[in-house]
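S.K.: Questions regarding the structure given below will be posed in turn.
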Amino acid sequence: GRFVRDSVRFWWDIEEMGRAQGINAFRPPVVRSDIGGATDNVTVWGSWDLADDEALIIEVTPPPALYWSLSIGNQWWETIDYARHQSSLNGHQAVLDDGLFRAVVAHRDPGVANWLDTAGQRRGPGMVRWVRADGAPVPATRVVAFDDLDAALPPSTPRVTDEERRRVMAARRAGIRRRFAR
């Protein structure tokens, strides 16, 4: 019981400390070997908090890396169900725009290829992982009204149709079933 209590408190405190440093923004890169992280795994933590009619635009140019990813979670740092919601993207899944990774965190699908689905959560952490990377850039962020998103994004922003989104999500679920086969 103590483990559950302490774990809930630990992750709640981590998120609250981060939120005190800024919301809808990322903080400087860190190596968290003090809590078990690998030394070549640099993380950039952030916090997001969106009203129903808002979207968060995240932009960063990924450096050469063995692996990189961006994921969002809920306020207790639980992973949002990535089999049912595109709540994370890695360097193999992301669609770049002339070398730039641009993602949109929103409560509903804006038709952007790199949409991160909040799955109904109002706030939580965001985390970029740079593994064996030639740098650890901090993503730029800005909040816009969801209805103004098309005007806020460049025309070159990769888009998807509803059918393409269904195919991407089906491939995501198939990959998860292969990885976690029973």
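The values are calculated or read from the model by the stated rules, or taken from the named source; none is laboratory data. For clarity, every value in this text was computed on a predicted model and none was experimentally measured. Methodologically, a virtual Cβ is constructed for each residue, glycine included, from the backbone with ideal geometry; neighbour enumeration extends over all protein chains shown. SASA here: full protein model, heavy atoms, side chains in, ligands and nucleic acids out. Shrake-Rupley method; radii C 1.70, N 1.55, O 1.52, S 1.80 Å.
S.K.: Within the range 69-96, count every residue that is within 19 Å of GLU15 (Cα to Cα), open to solvent by 60 Å² or more (accessible area, probe 1.4 Å) and at pLDDT 95 or above.
M.R.: Of the residues in that region, 0 qualify.
S.K.: So which of ARG167, ARG172 ends up being closer than 24 Å to THR79 by Cα, in contact (Cβ under 8 Å) with a residue 60 or more places away in the chain and in a helix (DSSP H, G or I)?
M.R.: None of the others qualify; the one that does is ARG172.
S.K.: Across the range 97-109, what is the number of residues that are buried (at least 16 other Cβ atoms within 10 Å of the Cβ) and either assigned to a loop (DSSP other than H, G, I, E, B) or on the phi > 0 side of the Ramachandran plot (or both)?
M.R.: Here the count works out to 1.
S.K.: Here's something else I'd like to know. If a residue must be among the basic types (Lys, Arg) and not in a loop (DSSP other than H, G, I, E, B), how many such residues does the range 110-129 contain?
M.R.: So the answer is 2.
S.K.: Applying the selection to the range 98-113, what residues are over 12 Å from LEU56 (Cβ atoms) and modelled with pLDDT of 95 or more? Give the derivation first.
M.R.: Going residue by residue through the range 98-113, those that are over 12 Å from LEU56 (Cβ atoms) are 98-101, 108-109, 111, 113.
Within the range 98-113, GLY99, LEU100, PHE101, ARG108, ASP109, GLY111, ALA113 qualify.
S.K.: Could you tell me whether any residue of the range 34-44 is among the aliphatic types (A, V, I, L, M), within 25 Å of ARG142 (Cβ to Cβ) and touching a strand residue (DSSP E or B) at 6+ places or on another chain (Cβ under 7 Å)?
M.R.: Yes, the range 34-44 contains at least one residue that is among the aliphatic types (A, V, I, L, M), within 25 Å of ARG142 (Cβ to Cβ) and touching a strand residue (DSSP E or B) at 6+ places or on another chain (Cβ under 7 Å).
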